[in-house]
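Q: I'd like to ask some things about the structure below.
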Amino acid sequence: MRKPEEKKTVRKTVLMTEALSNEIEEEAKDRGIKPNAVMNERLKHPGSDNKPSFMAAVQDFTNEAVKKLEKYSEQEAKELEKAGNKLWTY
């Protein structure tokens with residue numbers, strides 16, 4: 001359960017183009033989340049592709065690549081995993 005200070009309690013009306021509204025609705029549908037969540041994510045991470053959903057997808061891809069590479073070269077798989085982990089380190 002969210003802490004009281006983490007709850008979203010402020011409502012704002014935003015004007016946007018029909019195309020942008022459709023884009024937000026489609027993204028929300030594809031990801032199985034509410035359009036409001038898409039809008040909040042875009043506001044918190046403007047002009048950046050490093051949104052939480054993208055970072056999670058990159059990590060999933062890296063994990064799958066490491067798993068497949070382990071069958072052929074455990075050492076190279078460890079190196080790939082280490083390189084992937086560095087992406088998360090500031």
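Nothing in this text is a laboratory measurement; each read-out follows from the coordinates by a stated rule. Since the model is a prediction, treat every value here as computed from it, not as a measurement.
Q: Give the cross-link partners of K82 among the lysines, using a straight C-alpha distance below 21 Å as the criterion and excluding same-chain residues fewer than 8 apart.
A: Candidates past the 8-residue exclusion: K67, K68, K71.
Q: Right, another one. Once the piece of chain linking N36 and K86 is laid out straight, how much longer is it, given 0.36 nm per residue of separation minus the C-alpha distance between them?
A: 14.8 nm
Q: Between S73 and K44, what length in nm is gained on full extension when 0.36 nm per residue of separation is reduced by their alpha carbon distance?
A: 6.4 nm
Q: Calculate the all-directions average of the projected area of the chain's alpha-carbon convex hull, and give it in nm².
A: Average projection, Cα convex hull of the chain: 8.9 nm².
Q: Here's another thing I want to ask about it. If I take the Cα coordinates of the stretch 49-90 and project them onto the principal axes, what are the three extents in Å, biggest first?
A: Cα spread of the stretch 49-90 along its principal axes, largest to smallest: 32, 19, 9 Å.
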